[in-house]
Amino acid sequence: MDDELKAIVDAVREVEKLARESVVTPARGNRGPVQREQEATVLDAAASLVELAREFVDLYYPHRMATADARGAVNVVRNGLGDLAERLRTAGERPGAAGA
């Protein structure tokens, strides 16, 4: 792996570690229901994470992957991530999700 790619992968790992420590672990301790007026905010934050993952995957599709298997996997994942982000955003925009 060249130095530039290694730096990118290392940065992604650092972001993952930070997100786990500052978002996932504290959220595990709060098992109460999300209040209706907070749903849109939570769904928007989740959509942002999914969109970030898709942006990262998009950087490597299709021409930067060496094998057909990797290109195929990245294509399926990028499409799925796009769909997931859209579903999260749509759910947050529905009346009732924000307490309307």
What number goes with the only condition from (1) assigned to a helix (DSSP H, G or I); (2) of a type outside the set (Asp, Glu); (3) out of contact with any Asp or Glu (no Cβ under 8 Å at 6 or more places or on another chain) that LEU88 does not pass?
(3)
Quick one: would you say LEU81 is aliphatic (A, V, I, L, M), surrounded by 16 or more Cβ atoms within 10 Å (Cβ to Cβ) and in a helix (DSSP H, G or I)?
yes
Filter region 45-63 for residues that are under 11 Å from the mean Cα position of the chain (by Cα) and not aliphatic (A, V, I, L, M); which is nearest to ALA19 (Cα to Cα)?
SER48
Given the structure, is ALA66 open to solvent by less than 60 Å² (accessible area, probe 1.4 Å) and either closer than 19 Å to GLU16 by Cα or among the aliphatic types (A, V, I, L, M) (or both)?
no
Condition check for GLU51: in a helix (DSSP H, G or I) and open to solvent by 100 Å² or more (accessible area, probe 1.4 Å):
no
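The values are calculated or read from the model by the stated rules, or taken from the named source; none is laboratory data. Remember, it's a predicted structure, so these values are computed and weren't measured experimentally. Glycine gets a Cβ as well: all are built from the backbone with ideal geometry, and neighbour counts include every protein chain shown. What goes into the accessible areas is simple: the full protein's heavy atoms, side chains included, and nothing from ligands, DNA or RNA. Shrake-Rupley method; radii C 1.70, N 1.55, O 1.52, S 1.80 Å.
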